[in-house]
Amino acid sequence: MPNTLYTVEPFLIWTRYLLDSGQYEAVLAAVRRYEQAIEALNYFYYWVVLKNIEAQALYALGQFEQAEAKVDPILVRPEMADYSEGMVAAAALKAKIRKQQNDYEQAYHWQQVALESEKSQNRLAATKQLAVNNAQASLRQADEELRLLSNHQALLANQLARAEQNVIGTYLLIALAASLVLITVFSIRKLQRQQQLLARLASTDSLTGLDNRRQFMQVTQQALRSNDTEEPLSLIMFDLDNLKWINDNFGHQSGDWVLCEVSKNLTARLAERTVSCARVGGEEFVLCLAGTDVNEALAYCHEIQSWLAGIDTKTKLDGLQLSASFGVCDSNQVGKQLDTLLSGADFAMYKAKKAGRHQVVKYPMEQGSKEEAI
């Protein structure tokens, strides 16, 4: 099994085919054969997909307790919003297992968890689609205005030709030429503003105004390619603690308020060497810092933690103090490949959450060690 993220997908497609065709024993055999290789990648998304496939095969074979043991580690991490599709599948299977065991109260609870996760997924998709629709509408308007400008220019050119034949042709020519220049300049500036708006919509998160995942990946890749010196580059990945609990107990509007307040604090206090500050998931943020090693990044994480604790939540959250779980990794530790930097920071953040949240953890300095975080 090749140990890269880009060769896992064909294997997962094959196991899904086996599952859909009822070859459940073959599914379990394939999972046992390649499970260690996939887990060694330390990429939570593929691990969730694999565990859901394995659990569904066990459920189909009537091995309900074993199936439940496979989905339980997924269900204890509802904060991983990027992987909500896996969360929905795991919660739905958990509900079916509990129903088989006549535990209808728990079956109902997990069915509700699956429905709520699916609703959150749909809300995010709707927000993205709205941004795309607005961008397309702006582009159509810009095209129409450009067409009108072209027609107007043609009309002015006609008038200029006729003016040249008259005694006062020279004066009219100057006036029309000046009008044409002004109209052209005004239209070009308006078109430039619309293009800038489209660029912002394509590169920023619609709720917080921070960079989105696409912009973060593009800018950080560019920074890594252009960094020919020995200066390190650090990634900080952090996840807001208990945001799902806040959504459930105070409502999604309060959860959105928390995300906006955190983003405002980050924007107002960005480190001088920040390459990108982005929201890449429901409650997950990532920062790229140039010329910053892992220890300097750790100190910055503690500053951010203090800013979070200082946000006034008396009105919105009854004074609940905000915190986050941080993971830090730099290029001195894992090299200048973005996927390894992201995996390192994500692994450290997972260790922080596993240690009880409200933690700052850096990726291990020892080459190849992924068992204990410092």
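The values are calculated or read from the model by the stated rules, or taken from the named source; none is laboratory data. Everything quoted here is computed from the prediction, not taken from an experiment. Reconstructed Cβ throughout: ideal geometry from the backbone, glycine too, with neighbour counts over all protein chains shown.
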Note: among 337, 359, 321, just one is under 28 Å from residue 244 (Cα atoms), surrounded by fewer than 15 Cβ atoms within 10 Å (Cβ to Cβ) and in contact with a helix residue (DSSP H, G or I) (Cβ under 9 Å, 6 or more places away or on another chain), namely 321
Long-range neighbours under 8 Å by Cβ, at least six apart or interchain, first residue outside the structural domain of residue 179 (by TED's automatic domain parsing) and within 17 Å of residue 178 (Cβ to Cβ) within segment 146-163, second modelled with pLDDT of 80 or more and polar (S, T, N, Q)
none
Please work out if residue 298 is crowded, with 17+ Cβ neighbours inside 10 Å and closer than 16 Å to residue 211 by Cβ.
no
Can you name the number of the only condition in (1) more than 23 Å from residue 343 (Cα to Cα); (2) in contact with a Leu (Cβ under 8 Å, 6 or more places away or on another chain) that residue 253 fails?
(2)
For residue 263, state whether it is within 15 Å of residue 236 (Cα to Cα) and crowded, with 20+ Cβ neighbours inside 10 Å.
no
For segment 203-240, the count of residues that are within 12 Å of residue 341 (Cα to Cα) and more than 13 Å from the chain's Cα centre (by Cα) equals 8
Subset of segment 284-295, residues under 20 Å from the mean Cα position of the chain (by Cα) and either surrounded by fewer than 23 Cβ atoms within 10 Å (Cβ to Cβ) or outside the structural domain of residue 241 (by TED's automatic domain parsing) (or both), comes to 284
